[in-house]
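**Q** Mind looking over this structure? Questions follow.
The values are calculated or read from the model by the stated rules, or taken from the named source; none is laboratory data. Predicted model only: the values in this text are computed from it and were never measured. Quick reminder, even Gly has a Cβ in these numbers, built from the backbone with ideal geometry, and neighbours come from all protein chains shown. To get the accessible areas, we keep the full protein, side chains included, count just its heavy atoms, and leave off ligands, DNA and RNA. Shrake-Rupley method; radii C 1.70, N 1.55, O 1.52, S 1.80 Å.
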Amino acid sequence: MALTGIQIFKLTPKKNCKECGSPTCMAFSMKVAQGAVTIDKCPHMSEEALAQLSEATAPPMKTITIGAGDEEHKLGGETVLFRHEKTLVSKNLYAVNLTAADDADAKLAAMTKVDYDRIGERMYVELVNVKYTGEGADAYAALVQKAAATGRTLVLECADADAAKAALAVCKDKGPVLNGANPSNYEAMSAIATEAGVALGVTADTLEALYDTVAALEKAGNKNLVLDVGTASIKDAFSKAVLIRRAALKDEDRTFGYPSIVNIGAIAAGKPELQAALAAVFTLKYGSILVMEDMSYAQALALYGLRQNIYTDPQKPMKVEPGIYPINGADENSVCVTTVDFALTYFVVSGELERSGVPCNLLISDAGGMSVLTAWAAGKLSAGTIAKFIEEHEIANKIKNRTLIIPGKVAVLKGEMEAKLPDWNIVVGTTEAVQLVKFMKDYK
Amino acid sequence: MPFKLTPQPFKAAIKEVEVGCGAKAIKLGGEKTFPFYSFDAEMPNAPKVGVEISDLGFENEVAGIKDFYGDVTNVVEMAKKAAAMEGADFVVLRLESADPNGVNKSVDECAELAKAVADAIDAPLAIMGCKNDEKDGELLVKVSEVLEGKNAMILSAKEANYKTIGASAGMAYGQKVGAESAVDINLAKQLNVLLTQLGVKGETVVMNLGTAAAGYGYEYVASTLDRTKAAALGQNDDMLQMPIITPISTETYGVKEAIASEDDMPEWGSQETRAIDMEVVTAAACLASGSNAVILRHPASVATVSTMIKELM
Ligand code: SF4
């Protein structure tokens, strides 16, 4: 909870020595409350007061770091419940579930097949959830080792102390999560996780019990936690995910200020479509790690697209890289089509061009990530910017075809473009992307 | 201090709108909470699932949809099957053939078909136009007239044609008016204000706030839905308290993920599975942010989304 100036003032030494740059302790306290200066500008604060202040000004939800090296991921750290209030900072991560009953090699191979780029973001299954099913510590460690060999970060779903220790022995350097604490074993599991230096997953049947367990863990000094919403039912998992996040961010109860784990594969076992639907729900409503039975390409295409949309900065549009995008097997003799780098425009236009079946080179110039008319109005899309793009990307050397189709909404550019690009035949295209299929077919 | 769950329902509520007649009639809205926040208060009415059929038939659909309708040869029979689909709450007839740039069927012919469909099924019916604002302005007026007494949902009145559609569907013939705006809370509110000023009662309006497939600018849809529900419930804005209906399939069946053939994209796998996943993911996202009804096409999607709603209620 944010402190008022008066509350901060009570913690200052009240010397009015001006060393902080403010005329009085009171004035300084007011500035701190507004966030204009930080408390460390006063050299005379007592340790005790500082501890109290840092507790009070700590973010409502902790950021938990898992994984290692290139595979390091951040979870949590959110400050708002809805993306229109402020940017959401830590996208949810996906895990595929693996148990001793699975054909591990086949399952892991299928998982690693989903790996592609979408608007500059690598889309893949970031985590493997290795679930302990009583096969014994050695067998579990061997399975964990196999999963670790994929390079992906692991979630060890294991409440058995010996198996957890054996598993951590083979993978603790990779920053796994040990998801195995509950109200009856949390002390032992916390000791194991702390010793290995990894985050601890905590679960309980009820929110009250979960809360008490987290409070006890925090009291014992472990604040590197992830909260598992359990698998009692879909409704129960959803309720817990929402209530935990709401308690942390709206009601400012930091005991619940941790990221969550939702085992969707367990609450919708054997139903891949239902799992996809639920993953969409938990992407919006407060799942941090989403465990699926599998991740097919079909699920990934929809779910990663959704996640990428939800975790964009509302102030900043998504952009694609300027360049040549050949469509339908286009080569240097295929016609050129140009539009802006706003991701949404790019997707819609490239989709329609693909549907037309006509080979063409889509030329994307830097238009500041704006839509066609906005970019044109802002001077980011003009005869000059397109001509410059064609020169800088040496399009004339790369493509022999000299026909360039421009967006119908900027038909006014035709004359000026003909002047700037005398070798080119400038053709005015359609005003809406949906008309492109017919236009391209007719054009051909 | 132990954790204590304090229910936080809002004082304001979403308006409750009934569509259809008799035992199969459905109610949309009525809740005082964000979607599925049953710990705050039960939602009086579960969100509903509509099945979209086109008067152009199902020739170009994926195999699972074709198989479902099988040897059906006319739209009325298709509607009967759609109404009986597992998980279906209502049927949505899309009068695509009215499109002046397409088949360009006459308004009377289309209205006659709408009437025949309405007479053949017990399930509530929604009618979608052909997306040509001018033609829809005539078409949906006529449809509203011939469906008098059916309490159908007319999709949709837009800024360009709300006067004629609002007056006929919402006032003269007692239908429910879909108010369609383009993914912007202010535009949505403005259209509701215009319809109200025209004399259409807020209780007869459902909003289509616009939509996008997952991955295709869906963030605007999510935020528009979130902000609309927050304003309706949190600020008691009665010009945004209409229930929300979101067509899903009309968007998702147009994107690359659902269209690209397996030959073109071998690593992506079955086109049909991709189409279903795009449909259920987009629908589930909309429901999580507050849609009171979604419109889908594939039987597997309808079954999945309806199961999900039941599980979350
Ligand atoms: S430096 Fe500290 S003690 Fe001195 S005036 Fe500023 S707040 Fe007061």
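**Q** Out of all the residues in segment A:39-53, which are open to solvent by 70 Å² or more (accessible area, probe 1.4 Å) and either within 26 Å of A:Tyr286 (Cβ to Cβ) or away from the ligand (no atom under 13 Å from the Cβ) (or both)? Before you say what the answer is, go through the steps one by one.
**A** Keep residues of segment A:39-53 that are open to solvent by 70 Å² or more (accessible area, probe 1.4 Å), which gives A:40-41, A:43, A:47-48, A:52.
Correct list: A:Glu47, A:Glu48, A:Gln52.
**Q** I need the full set of residues from segment B:93-139 which are surrounded by fewer than 21 Cβ atoms within 10 Å (Cβ to Cβ), within 24 Å of B:Ala179 (Cβ to Cβ) and of a type in the set (Val, Ile, Thr), in order please.
**A** B:Val107
**Q** Let me ask something else about it. Scan segment B:67-84 and tell me whether some residue there is open to solvent by 60 Å² or more (accessible area, probe 1.4 Å) and in contact with an Asp or Glu (Cβ under 8 Å, 6 or more places away or on another chain).
**A** The answer is no; no qualifying residue exists.
**Q** Something else now. Can you pull out every residue in segment A:11-38 that is more than 12 Å from the ligand (Cβ to nearest atom) and in a helix (DSSP H, G or I)?
**A** Selection gives A:Ala33, A:Gln34.
**Q** Are there any pairs, at least 6 apart or on different chains, whose C-beta atoms fall under 8 Å, with the first in segment A:378-396 and in the same structural domain as A:Thr339 (by TED's automatic domain parsing) and the second open to solvent by 50 Å² or more (accessible area, probe 1.4 Å) and aromatic (Phe, Trp, Tyr), and if so, which?
**A** Between residues of segment A:378-396 that are in the same structural domain as A:Thr339 (by TED's automatic domain parsing) and residues that are open to solvent by 50 Å² or more (accessible area, probe 1.4 Å) and aromatic (Phe, Trp, Tyr), the close pairs are A:Ser382/A:Trp376.
**Q** Starting from segment B:1-24, take each residue that is within 14 Å of chain A (Cβ to nearest Cβ) and list its partners that are outside any helix (DSSP H, G or I), counting only C-beta distances under 6 angstrom and pairs at least six apart or across chains.
**A** Taking only residues 6 or more apart or on different chains, the pairs are B:Pro7/B:Asp40; B:Gln8/B:Asp40; B:Pro9/B:Lys32; B:Pro9/B:Thr33; B:Pro9/B:Asp40; B:Pro9/B:Ala41; B:Phe10/B:Lys32.
**Q** Taking strands (runs of 3 or more DSSP E) that fall entirely within segment A:354-435, which contain at least 1 residues that are surrounded by fewer than 20 Cβ atoms within 10 Å (Cβ to Cβ)? Even if it seems obvious, please write down each step before you answer.
**A** Details: elements: A:360-364, A:403-406, A:425-428.
Answer list for segment A:354-435: A:403-406, A:425-428.
**Q** Would you call A:Glu78 open to solvent by less than 30 Å² (accessible area, probe 1.4 Å), of a type in the set (Asp, Glu), more than 12 Å from the ligand (Cβ to nearest atom) and more than 14 Å from every other protein chain (Cβ to nearest Cβ)? Show your work before the answer.
**A** Numbers: open to solvent by less than 30 Å² (accessible area, probe 1.4 Å): yes; of a type in the set (Asp, Glu): yes; more than 12 Å from the ligand (Cβ to nearest atom): yes; more than 14 Å from every other protein chain (Cβ to nearest Cβ): yes.
Yes.
**Q** From the list B:Ala160, B:Ala167, B:Ala179, pick out the single residue that is crowded, with 21+ Cβ neighbours inside 10 Å and among the small types (Gly, Ala, Ser).
**A** On the way: B:Ala160 fails: crowded, with 21+ Cβ neighbours inside 10 Å; B:Ala167 fails: crowded, with 21+ Cβ neighbours inside 10 Å.
Every option except B:Ala179 fails the conditions.
**Q** Within segment B:222-259, can you find the residues that are small (Gly, Ala, Ser) and without any contact (Cβ under 8 Å) to a residue 12 or more places away in the chain?
**A** Let us first name the residues in segment B:222-259 that are small (Gly, Ala, Ser), namely B:222-223, B:230-232, B:234, B:249, B:254, B:258.
Result: B:Ser223, B:Ala230.
**Q** Which numbered condition trips up B:Asn192, out of (1) open to solvent by less than 10 Å² (accessible area, probe 1.4 Å); (2) within 15 Å of B:Ile244 (Cβ to Cβ); (3) in contact (Cβ under 8 Å) with a residue 60 or more places away in the chain?
**A** (3) is the only condition that B:Asn192 fails.
**Q** Let me ask you something else. List the number of the failed condition for B:Lys142; all other conditions in (1) surrounded by fewer than 19 Cβ atoms within 10 Å (Cβ to Cβ); (2) under 21 Å from B:Lys48 (Cβ atoms); (3) in contact with a helix residue (DSSP H, G or I) (Cβ under 8 Å, 6 or more places away or on another chain) hold.
**A** That leaves (2) as the condition not met.
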